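Report on one structure; see the data block that follows.
The values are calculated or read from the model by the stated rules, or taken from the named source; none is laboratory data. From a predicted model like this one, the values you see are computed outputs, not experimental measurements. Each accessible area value is taken on the protein alone, full model and side chains, heavy atoms only, with ligands, DNA and RNA left out. Shrake-Rupley method; radii C 1.70, N 1.55, O 1.52, S 1.80 Å.
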Amino acid sequence: MKIVEIARLVNGELRGEESVDISGIAALETAGPADLTFVDGARALEQAKGSTAGCFLVPLNSVLPGKTTI
């Protein structure tokens, strides 16, 4: 599923690459390029900077430069 479709389904604001294909959901520590993962809190945001996840669900007003987020 394209990440733009997921953003629409959850009524979220997409930032980053709209054409990313997501085929799974994974924990932040194990997420890969085709996975969606959830980030909550300052510690997780810091950890997400080194993750290869395809997309990150983040709290409102959170920014992950260079990453695709909803």
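Run lengths n ≥ 4 of DSSP H only: what is the helix-derived mean residue ellipticity at 222 nm for the chain, with -39500 (n - 2.57) per run over all residues, to the nearest 500?
Mean residue ellipticity at 222 nm (helix-derived): -5000 deg cm²/dmol.
Per residue, how much accessible area does the chain show when a 1.4 Å probe rolls over the protein heavy atoms, in square angstrom?
For the chain, the solvent-accessible area averages 62 Å² per residue.
Sequence gap at least 6, Cα distance under 8 Å: using those rules, report the relative contact order of segment 19-70 to the nearest whole percent.
32
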